[in-house]
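The values are calculated or read from the model by the stated rules, or taken from the named source; none is laboratory data. Fair warning: this is a prediction, and the values are worked out from it, not measured in the lab. For neighbour counting, all protein chains shown are included, and Cβ atoms are generated from backbone atoms with ideal geometry for every residue, glycine included. Only protein heavy atoms, including side chains, enter the accessible area calculation; ligands, DNA and RNA are left aside. Shrake-Rupley method; radii C 1.70, N 1.55, O 1.52, S 1.80 Å.
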Amino acid sequence: MSEPKPKVVLGVSGGIAAYKACELLRRLTESGHDVRVVPTASALHFVGAATWSALSGNPVSDQVWEDVHEVPHVRIGQAADLVVVAPCTADMLAKAAHGLADDLLTNTLLTARCPVVFAPAMHTEMWEHPATRENVATLRRRGAVVIEPAVGRLTGVDTGKGRLPDPAEIFEVCRRVLARGAAEPDLAGRHVVVSAGGTREPLDPVRYLGNRSSGKQGYALARTAAARGARVTLVEANTGMPDPAGVDVVRVGTALQLREAVLKAAADADVVVMAAAVADFRPAAYAEGKIKKREGEEPAPVALVRNPDVLAELSADRARPGQVVVGFAAETDDVLANGRDKLRRKGCDLLVVNEVGERRTFGSEENEAVVLGSDGTETPVPHGPKEDLADTVWDLVVPRLP
Ligand code: CTP
């Protein structure tokens, strides 16, 4: 017999971003979830019940008065494995925070005993209003995952924080939260900083020294931390990937820029994870104009200078007492011995050691590693998705937090 499909309630409240929830719904149903859409009456002004019903294959209502004999206002919440409200308006956040129950969605939120994810979307002023801030804090304290809105174009000509994140990224958060089942969002209230990607050190306006890091492991760390309730700052270098939902992304190019951005974000961070491949050296000189080849002349050698070691600096000079610092080590030979040595030299709390090479790790969706602890622990992580390794890292970080 096949496994029953996980039951997801997709709550949709009345914002223009309601149309984006159709894409989230499609992703959820296509990946094998049984989705019940519960729109509010105002959401139905933006997208009609016929669309939700056709896309979900389930009946759709905003009322507690329909199908009363089936007690839907109680049953839908009780049966759910996950409730996600996307978009979630300021009004819906307020109702959820105060336990109001005047329609099917708010009733469902009160009867649900499963993880709940809110993806707010509203104008910046509404998001920043102290009332909304307090409502978000209340919901987070109770264990809900509230995804930070994205920054960008809002309704009309306004831009700012308040956009609904990309539905594909909200889907990733849902997938991670569902995978964790009843586990608490154990990074709630924590600020984590993750660096990802590979730095590029320019030689001239068109050329650089770079490396083959894709940034996927760093992105997996950022996504999983957000799904565990953390406020996440992702310092990314040259990945070209879309912003994960609920994550503040700072874009950098070079090692020096990465250092500045990481140190700034680390000032109030509980955890810093250095997953980026930071260039150890940069060209000593930068040519303002493109370097030209000249007939009959040998190319000039490229002189290099050392870049600062950000991980060693963070570890030696913690911005906060008890801040947990995690490094990565990419090794081709003597993987464990080099890893232990690097852990000591860099002074971090945890070092994720993985073997790299032509066909391993770079750009792939999977990874295999050993996580070494400064307390002598060794945690092997079998070959699997980069998100599983990311969750193991957070599992090891959480008990080390003060
Ligand atoms: N790192 C850093 N700053 C640098 C170089 C590396 O913060 N200038 C960090 C990386 O983000 C990673 C860790 O250090 O978390 C290990 O990087 P790795 O390249 O494996 O180590 P190296 O210091 O380059 O050591 P070696 O080249 O001797 O292997």
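For region 275-293, taking the residues that are of a type outside the set (Asp, Glu) and within 13 Å of the ligand (Cβ to nearest atom), the one that is most open to solvent (accessible area, probe 1.4 Å) is identified as 281.
Residues in region 1-16 that are open to solvent by 70 Å² or more (accessible area, probe 1.4 Å) and not basic (Lys, Arg): 1, 2, 3, 4, 16. Has region 267-274 got at least one residue that is closer than 30 Å to residue 368 by Cβ, near the ligand (Cβ under 10 Å from one of its atoms), surrounded by fewer than 23 Cβ atoms within 10 Å (Cβ to Cβ) and modelled with pLDDT of 95 or more? Within region 267-274 (the criterion being closer than 30 Å to residue 368 by Cβ, near the ligand (Cβ under 10 Å from one of its atoms), surrounded by fewer than 23 Cβ atoms within 10 Å (Cβ to Cβ) and modelled with pLDDT of 95 or more), the answer is no, since none of the residues qualifies.
For every residue, the table says whether it meets (1) in contact (Cβ under 8 Å) with a residue 60 or more places away in the chain; (2) in contact with a helix residue (DSSP H, G or I) (Cβ under 7 Å, 6 or more places away or on another chain); (3) open to solvent by less than 40 Å² (accessible area, probe 1.4 Å).
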| site | (1), (2), (3) |
| --- | --- |
| 18 | yes, yes, yes |
| 31 | yes, no, no |
| 36 | no, yes, no |
| 48 | no, no, yes |
| 53 | no, no, no |
| 72 | no, yes, yes |
| 78 | no, yes, no |
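Residue 297 satisfies every condition listed in (1) surrounded by fewer than 13 Cβ atoms within 10 Å (Cβ to Cβ); (2) out of contact with any Phe, Trp or Tyr (no Cβ under 7 Å at 6 or more places or on another chain); (3) at pLDDT 95 or above except (3). The condition of being in contact (Cβ under 8 Å) with a residue 60 or more places away in the chain, within 14 Å of the ligand (Cβ to nearest atom) and under 26 Å from the mean Cα position of the chain (by Cα) does not hold for residue 353. Across region 253-266, the qualifying residues are those that are open to solvent by 70 Å² or more (accessible area, probe 1.4 Å) and away from the ligand (no atom under 11 Å from the Cβ), and the one among them that is farthest from residue 325 (Cα to Cα) is 257. Here residue 323 fulfils each of the conditions (1) within 12 Å of the ligand (Cβ to nearest atom); (2) at pLDDT 95 or above; (3) not aliphatic (A, V, I, L, M) apart from (1). The helices (runs of 4 or more DSSP H) found wholly in region 48-151 and carrying at least 1 residues that are under 30 Å from residue 234 (Cβ atoms) and not assigned by TED's automatic domain parsing to the domain that holds residue 246 occupy 90-98, 104-111, 124-128, 130-141. Say whether the condition of being aliphatic (A, V, I, L, M), farther than 20 Å from residue 178 by Cα and touching a Cys at 6+ places or on another chain (Cβ under 7 Å) is met by at least one residue in region 40-50. Yes; the residues of region 40-50 include at least one that is aliphatic (A, V, I, L, M), farther than 20 Å from residue 178 by Cα and touching a Cys at 6+ places or on another chain (Cβ under 7 Å).
In the condition set (1) within 13 Å of the ligand (Cβ to nearest atom); (2) part of a loop (DSSP other than H, G, I, E, B); (3) crowded, with 17+ Cβ neighbours inside 10 Å, residue 308 is compliant with all but (3).
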